[in-house]
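Data first, discussion second: the structure below is written as structure tokens.
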Amino acid sequence: MIASSTLSSEIKARARELAFEQVGIATVGPLPRAEFLGEWLARAYQGDMGYMARDPERREDPARYDPGAKSVVCVAQNYYTGPRPPAGPSDGMISRYAWGRDYHDVLGERLDRLRDFITTRGARARVCVDTSAVLEKLWARAAGLGWQGKHTNLISKSLSSWFFLGEILVDADLEPDRPFERDHCGTCSRCIDVCPTRAIVAPYVLDARKCISYLTIEHRGPIPLELRPLMGNLIFGCDLCLDVCPWNKFAQVTRDPAFQARPDLSAPKLVEFLGMTDAEFRRRFKGSPILRAKRGGFLRNVCVALGNSGDASAVPALVEKGLADPDPLVREHASWAIERLQALRPMNSP
């Protein structure tokens with residue numbers, strides 16, 4: 001077997017060749033702050049994400065997820081594409097991470113290549129990208145990539161918060177990096193203050209059931225009535241807490257073509273989405289993480305955003321296409337949007 005320090009250096013060099021901006025290594029073992037998961041689940045903050053509650057101990061210990069794992073290689077990939085273009089109330093807002101290709105595919109392909117390199121050096125390796133049972137933000141911190149901010153996202157001094165994380169579990173004792181010990185959020189509470197649904201219930205604690213990203217992506221049923229007016233024109237994900245983070249003023253625009261913004265996703269017209277068939281939805285968003293919301297969930301979000309737009313001219317389209325939609329979830333939210341816009345019409349009339 002190659003010496004630990006040599007193999008670690010080779011893995012890091014190969015990771016950078018594969019366009020990962022940061023790479024760090026942690027040793028599998030007790031994970032600081034892992035107890036937060038049990039406390040978070042006890043409060044049912046995971047909402048509909050039942051998979052988070054299945055065998056939580058496995059999430060805390062990669063050796064239970066992948067017996068034989070001794071080291072965690074953590075990588076970070078910048079996806080920041082610059083300032084958001086101006087958007088009016090009738091334009092939809094989509095999280096920046098979904099403007100380009102689905103990061104699960106992009107990172108998965110690159111991590112597969114890194115894994116293949118590791119196996120040629122005599123070690124066994126397993127790729128993890130977001131959906132795996134690994135507490136990736138805590139492991140990234142243990143590998144020295146950054147600290148977890150009050151909004152619960154990882155913050156890097158060099159990459160700000162606009163980056164994806166990925167991991168490879170390796171059955172070799174690699175040379176670990178120094179964990180990132182300091183918290184540089186200080187007394188700042190901008191991310192907490194800006195959240196319209198008050199999903200950040202305390203510093204470093206997120207109630208996913210109120211989070212707009214969760215509501216527009218993971219949640220499958222009707223959006224709670226009391227939260228709908230607070231969602232504005234957000235139709236897939238939410239960047240509000242990241243937009244206001246002072247550390248993000250240091251963000252560098254990615255040069256990676258995989259994450260360049262598609263022109264139809266940075267500020268799309270909401271009405272244009274109404275009436276899409278499932279085939280049209282899949283065709284339009286092929287290769288995009290937006291597919292995760294599924295057609296019904298996405299059009300549900302569009303109806304809520306139209307109801308919040310104040311644009312009464314959208315009512316005919318909501319009646320013609322929203323109320324006629326084959327999905328009862330879409331019809332119910334279209335009806336809500338129509339009632340809301342009609343109630344606002346007298347206020348907006350000359």
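The values are calculated or read from the model by the stated rules, or taken from the named source; none is laboratory data. Keep in mind that what you see is a predicted model, and the values were worked out from it rather than measured. Cβ sites come from the backbone with ideal geometry, for glycine too, and all protein chains shown count toward neighbours. Only protein heavy atoms, including side chains, enter the accessible area calculation; ligands, DNA and RNA are left aside. Shrake-Rupley method; radii C 1.70, N 1.55, O 1.52, S 1.80 Å.
List every residue pair whose Cβ atoms sit under 7 Å apart, with the two residues 6 or more apart in sequence or on different chains, where the first one lies in the stretch 218-240 and is more than 20 Å from PRO85 (Cβ to Cβ) and open to solvent by 30 Å² or more (accessible area, probe 1.4 Å) and the second, anywhere, is modelled with pLDDT under 95 and aliphatic (A, V, I, L, M). Correct list of pairs: GLU218/MET49. For first residues located in the stretch 322-342 and in contact (Cβ under 8 Å) with a residue 12 or more places away in the chain and over 14 Å from PRO224 (Cα atoms), partners that are part of a helix (DSSP H, G or I) and open to solvent by 40 Å² or more (accessible area, probe 1.4 Å) and lie 6+ apart or on another chain with Cβ distances below 7 Å form the pairs GLY322/ARG331; LEU323/ARG331; LEU323/SER335; ASP325/ARG331; ILE338/VAL319.
Just checking, how many residues over the stretch 91-133 are small (Gly, Ala, Ser), farther than 14 Å from PRO289 by Cα and within 23 Å of the chain's Cα centre (by Cα)? Count: 3.
Only one of the listed residues (ALA125, ALA140, ALA76, ALA98) is over 27 Å from PHE250 (Cβ atoms), out of contact with any His (no Cβ under 6 Å at 6 or more places or on another chain) and open to solvent by less than 50 Å² (accessible area, probe 1.4 Å). That residue is ALA125. Looking at the structure I just gave you, is HIS104 touching a residue at least 60 places away in the same chain (Cβ under 8 Å), open to solvent by 20 Å² or more (accessible area, probe 1.4 Å), part of a helix (DSSP H, G or I) and not hydrophobic (A, V, I, L, M, F, W, C)? Answer is yes for this residue. The numbered conditions (1) in contact with a His (Cβ under 7 Å, 6 or more places away or on another chain); (2) not in a helix (DSSP H, G or I) are all true for GLY166 except (1). Hey, THR81 hits all of (1) without any contact (Cβ under 8 Å) to a residue 24 or more places away in the chain; (2) open to solvent by less than 40 Å² (accessible area, probe 1.4 Å) but one; which does it fall short on? Failed condition: (1). Restricting VAL201, VAL244 to those that are of a type in the set (A, V, I, L, M, F, W, C), over 28 Å from CYS74 (Cα atoms), surrounded by fewer than 19 Cβ atoms within 10 Å (Cβ to Cβ) and touching a helix residue (DSSP H, G or I) at 6+ places or on another chain (Cβ under 9 Å) reduces the list to VAL201.
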